[in-house]
1. In whole percent, and with a 1.4 Å probe on the protein chains, what portion of the accessible area of region 99-246 is carbon and sulfur?
2. So which trypsin sites (Lys or Arg not before Pro) in region 155-259 pass both tests, a DSSP loop state and at most 11 other Cβ atoms within 10 Å of the Cβ?
3. Using only Cα positions of region 122-223, each an equal point scatterer, no hydration layer, compute I(q)/I(0) via Debye at q = 0.14 Å⁻¹ and quote the log10 values to two decimals.
4. Take each of the peptides 148-158, 92-102, average the number of other beta-carbon atoms within 10 Å over its residues, and list them starting from the highest.
5. On a 22 Å Cα-Cα criterion, which of the cross-link pairs 69/92; 115/188; 188/243; 92/188; 69/260 come out too long?
6. Within region 185-262, report the chymotrypsin sites (Phe, Trp or Tyr not before Pro) that DSSP leaves as loop and that have at most 13 other Cβ atoms within 10 Å.
7. If I take every Cα pair under 8 Å that is 6 or more residues apart in region 47-180, average their sequence separation and divide by the length, what percent do I get for the relative contact order?
8. Given a Förster distance of 35 Å, report the FRET efficiency between residue 131 and residue 290 from their Cβ-Cβ distance, rounded to the nearest 0.05.
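The values are calculated or read from the model by the stated rules, or taken from the named source; none is laboratory data. In this text the structure is predicted, and so the values were computed from the model without any measurement. Cβ atoms come from the backbone with ideal geometry, glycine included; neighbour counts cover every protein chain shown. Accessible surface areas use protein heavy atoms only, side chains included; no ligands, DNA or RNA. Shrake-Rupley method; radii C 1.70, N 1.55, O 1.52, S 1.80 Å.
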Amino acid sequence: MATLVQRLPTFSRSGYQIVALGTVHINKRNNSSKLTAYKRGTGGRSSFSGQVVTLFGASGFLGRYVANKLGKVGAQIIIPYAGDPYWVQRLKLVGDLGQVNFMPIHLKDEESLRKAMQYSNAVVNLISRDFETRNFTFDAVNNVGARDIARIARECGVERLVHFSALNASPEPPHIYLKGGSKWLKSKYDGELSVREEFPDAVIFRPSDIFGEEDRFVRYYGSWWRRFRGKMPMYKKGMQTVKQPVYVSDVAQGVVNALKSPDSAGQTYDVVGPHRYYLGDLIDYFYSCMRWSSIKKPFFHPLMW
């Protein structure tokens, strides 16, 4: 990285020696590893570890935990956001002054993506979409967007990329409810191939259901809307659906470890919890904790649609 300030030659005018100080523009660095030369502190949020991480998707459930873990180890974090900045402003507190920076982006604007990654030596992509809109389809977000981020990261000299996929991502997802299987899972699989093609050393995480505060797993099944009639329709009463949930803080720590470990380059990890459960048993446990033990699970089959 170029020196921020350099002393220019002195010159004389009217008998006085004048020293000119000039600020040098920082161009794109040739080798991002030089950032480690700027390490400061003994570790922790008030230190700089030499790691500059662009964290896409930081406003989401998992992203907030990853940002906190990165700030804790002294990483400088660049948080790109799309839309309202109020969704990410509270993440300013995960690091010390100057350690957390925000940048507006658009997933289809390559120039904004490049600006967010041009000074980073690591990138974490948590951007995903599990429902389609008029402007963003599954393929546009989970495949094309992931490819663009991986390609631009490689062009910017990023050393490590962590990409999040899904546990059951497959080119031909099984047909259960939807004809032809889940388009979301297929787009996730296509995204893995695209990222591997553009950034061969990328680390791919394939997480199962993630639980924790403000999650979309426990809260989904515990929602008032799913129990207001005292019944929860489930496929074969949940006794043919196996879940292996993983705690969100463990997943976030795994991201930090993957960024540090040289052995993780090019690896694909299935991120799951230590135990497997039938979904029906989990629902019984959830509602016993909520003192709704009388919840009923009527038999539900796709053919009923």
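1. Ligands and nucleic acids excluded, carbon and sulfur reach 51 percent.
2. On the way: sites: 160, 179, 183, 186, 188, 196, 216, 219, 226, 227, 229, 231, 236, 237, 243; in loops: 179, 216, 227, 229.
Answer in residue order: 179, 229.
3. -0.58
4. Working: 148-158: 21.0, 92-102: 16.5.
The densest-packed peptide leads the list: 148-158, 92-102.
5. Numbers: 69/92 13 Å; 115/188 25 Å; 188/243 19 Å; 92/188 30 Å; 69/260 13 Å.
Exceeds cut-off: 115/188; 92/188.
6. 228
7. Rounded, it is 23 percent for region 47-180.
8. Once rounded, the FRET efficiency stands at 0.85.
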